[in-house]
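Right, one structure below, let's go through it.
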Amino acid sequence: LDVQSPELVALLSRQEEARSRRSDLASRRAQLEVDAQLASGVALYFPASATEPAGLSMMLAALGGGIAGLLIGVALAYLAAGRRRVIESRLMPQEVLAAPLLAEVTDFADERLKTDLPVFAAPRSVAAESFRFAAAALDLRSRRSTTAQEDSLFAGDGRKAHLVAVVSAEDGDGKSVVVANTALASCWTGNRVLVIDADFGSQSQTKLMKQTDLPKSGLAEVIAGEVSLRRAVQTVELSPELRLDLLTRGQIPISATDLLRSEEADSFFASISDDYDLVLLDTPPLLRVAYSSILCRHADSALVVVPHGADISTLEVLSDRLQLVGTEITGYVYNKAPLEDRGVYGGSLEDTLDLSGADELRQAKHRR
């Protein structure tokens, strides 16, 4: 740079003046601060910082609050999604199972029922009517299946009964109660029904049917060829109109898995034909007991019991398991549903529950 340049000299001069003025102002401010502290009547005032317009501040605050609320909502939704998703209505399982609703069974407590067998003990209850819906649906689908068999290349194989494995995902879903009442409702229409208590661990179906003493022979003995099916079954007669056959597990000390995977088991389940119109398999919880899948493989189809409040992800696993086994889902029963405003059918049921003709109907079917 040329230090003798007039422009540079002028700038340097102005810079020096600014420094000198700044020094004077700083000295003056220091003096004023001293005077203020000495209570000389001098007070210091500092200029206020520039503020944003009130409207803009409110807008920014509202925008910030909205974004924060949105983030909190998203977080809560994520947490809720991560928690247990449950079945809350009768049609929700249809999306998971890709199968129709056969019946909606109300919670017995909502009707103040003190029995596990309302079809027998409380035939005019809403629950009993629901089981009659389930039985009618199974009968209808069984008839369609039989017609299809007769029209197929395999017609004439002698199989008439529809073998249905009644399954649920967990303990406590009410599966055995559904089996018992659906079987009784089917009997009421005159069908010949066999219930197989294939839950070797609990035998809850046997207890439910008032069979306190286990028979000496059952499923194990029949499959092993020690006794015939006709000799092993126990006739349960709750009333003249409600009679069905029950096959318990038997007494042979054998692994259920080994028994059910045998060729003899294949032959047995394929031979339940001429004596019954409907065979219901009461199976162990499908996602808890391994041999339950083997039972499903022996069945023509599966009826899934879905309780109100069941976990959706658990039902998805059950559906995948049945698909893996290759068992068709004939439908599902929505169990323990809230009664809500469905009410009691009253007079309509009074007209439909004349049981006097049921025995005559059954005898007519036996003569076929």
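Say we look at the stretch 282-292 and pick out the residues that are open to solvent by less than 20 Å² (accessible area, probe 1.4 Å) and not charged (D, E, K, R); which of these is nearest to residue 190 (Cα to Cα)? Spell out how you get there, then give the answer.
Of the residues in the stretch 282-292, the ones open to solvent by less than 20 Å² (accessible area, probe 1.4 Å) are 282-286, 292.
Now drop any that are not not charged (D, E, K, R), which leaves 283-286, 292.
Numbers: 283: 25, 284: 28, 285: 30, 286: 31, 292: 29 Å.
Here the residue is 283.
Answer with yes or no whether residue 324 is among the aliphatic types (A, V, I, L, M) and at pLDDT below 90.
Numbers: among the aliphatic types (A, V, I, L, M): yes; at pLDDT below 90: no.
When the stated conditions are applied, residue 324 does not pass them.
Looking only at residues that are touching a helix residue (DSSP H, G or I) at 6+ places or on another chain (Cβ under 8 Å) and among the charged types (D, E, K, R) in the stretch 230-271, which one is nearest to residue 179 (Cα to Cα)?
243
For the stretch 318-328, which positions are open to solvent by less than 30 Å² (accessible area, probe 1.4 Å) and of a type in the set (S, T, N, Q)? If you could, list the steps in order and put the result at the bottom.
Let us first name the residues in the stretch 318-328 that are open to solvent by less than 30 Å² (accessible area, probe 1.4 Å), namely 318-319, 322, 327.
If the condition is that a residue be open to solvent by less than 30 Å² (accessible area, probe 1.4 Å) and of a type in the set (S, T, N, Q), then 319, 327 are the ones that fit.
Could you tell me which numbered condition residue 279 fails, if it satisfies all but one of (1) in contact (Cβ under 8 Å) with a residue 60 or more places away in the chain; (2) exposed (fewer than 14 other Cβ atoms within 10 Å of the Cβ)?
Only one criterion is unmet by residue 279, namely (2).
What about residue 315, is it under 20 Å from residue 200 (Cα atoms) and open to solvent by less than 20 Å² (accessible area, probe 1.4 Å)?
On the way: under 20 Å from residue 200 (Cα atoms): no; open to solvent by less than 20 Å² (accessible area, probe 1.4 Å): yes.
It is false that residue 315 is under 20 Å from residue 200 (Cα atoms) and open to solvent by less than 20 Å² (accessible area, probe 1.4 Å).
Among the residues of the stretch 265-275, is any among the hydroxyl-bearing types (Ser, Thr, Tyr), open to solvent by less than 60 Å² (accessible area, probe 1.4 Å), in contact with a Gly (Cβ under 8 Å, 6 or more places away or on another chain) and more than 26 Å from residue 168 (Cβ to Cβ)? I'd like the intermediate steps shown before the answer.
Of the residues in the stretch 265-275, the ones among the hydroxyl-bearing types (Ser, Thr, Tyr) are 267, 271, 273.
When the remaining residues are screened for being open to solvent by less than 60 Å² (accessible area, probe 1.4 Å), the result is 273.
Still in the list and also in contact with a Gly (Cβ under 8 Å, 6 or more places away or on another chain): 273.
Remaining after also requiring more than 26 Å from residue 168 (Cβ to Cβ): 273.
Scanning the stretch 265-275 turns up at least one residue that is among the hydroxyl-bearing types (Ser, Thr, Tyr), open to solvent by less than 60 Å² (accessible area, probe 1.4 Å), in contact with a Gly (Cβ under 8 Å, 6 or more places away or on another chain) and more than 26 Å from residue 168 (Cβ to Cβ).
Taking into account only those residues within the stretch 212-221 that are assigned to a loop (DSSP other than H, G, I, E, B) and touching a helix residue (DSSP H, G or I) at 6+ places or on another chain (Cβ under 8 Å), which is modelled with the lowest pLDDT?
Filtering the stretch 212-221 for residues assigned to a loop (DSSP other than H, G, I, E, B) gives 212-218.
Pick out the ones that are also touching a helix residue (DSSP H, G or I) at 6+ places or on another chain (Cβ under 8 Å) and you get 214-215, 217-218.
Numbers: 214: 65, 215: 70, 217: 88, 218: 91.
Per the criteria, the residue is 214.
Just to check your reading of the model, which residue among 255, 217 is open to solvent by less than 60 Å² (accessible area, probe 1.4 Å), without any contact (Cβ under 8 Å) to a residue 12 or more places away in the chain and farther than 24 Å from residue 142 by Cα?
On the way: 217 fails: without any contact (Cβ under 8 Å) to a residue 12 or more places away in the chain.
Matching residue, one of 255, 217: 255.
From the list 331, 309, 343, which one is of a type outside the set (A, V, I, L, M, F, W, C), at pLDDT 90 or above, surrounded by fewer than 16 Cβ atoms within 10 Å (Cβ to Cβ) and not in a helix (DSSP H, G or I)? Please lay out each step first, then the result.
Working: 331 fails: surrounded by fewer than 16 Cβ atoms within 10 Å (Cβ to Cβ); 343 fails: at pLDDT 90 or above.
309 is the lone residue from the list that is of a type outside the set (A, V, I, L, M, F, W, C), at pLDDT 90 or above, surrounded by fewer than 16 Cβ atoms within 10 Å (Cβ to Cβ) and not in a helix (DSSP H, G or I).
Give the stretch 185-211 a look and list any residue that's open to solvent by less than 20 Å² (accessible area, probe 1.4 Å), more than 21 Å from residue 136 (Cβ to Cβ), of a type in the set (S, T, N, Q) and in a loop (DSSP other than H, G, I, E, B), or say none.
Within the stretch 185-211, 203 is the sole residue that qualifies.
Quick one: how many residues across the stretch 93-142 are open to solvent by less than 40 Å² (accessible area, probe 1.4 Å), part of a loop (DSSP other than H, G, I, E, B) and basic (Lys, Arg)?
Number of matching residues: 0.
On the given criteria, is residue 238 part of a strand (DSSP E or B) and either over 30 Å from residue 91 (Cβ atoms) or open to solvent by 60 Å² or more (accessible area, probe 1.4 Å) (or both)? Before you say what the answer is, go through the steps one by one.
Working: part of a strand (DSSP E or B): yes; either over 30 Å from residue 91 (Cβ atoms) or open to solvent by 60 Å² or more (accessible area, probe 1.4 Å) (or both): yes.
In short, yes.
The values are calculated or read from the model by the stated rules, or taken from the named source; none is laboratory data. These figures come from a predicted structure and were not determined experimentally. Note: ideal-geometry Cβ built from the backbone for every residue, glycine included; neighbour counts use all protein chains shown. Keep in mind that these areas ignore ligands, DNA and RNA; they rest on the heavy atoms of the full protein, side chains included. Shrake-Rupley method; radii C 1.70, N 1.55, O 1.52, S 1.80 Å.
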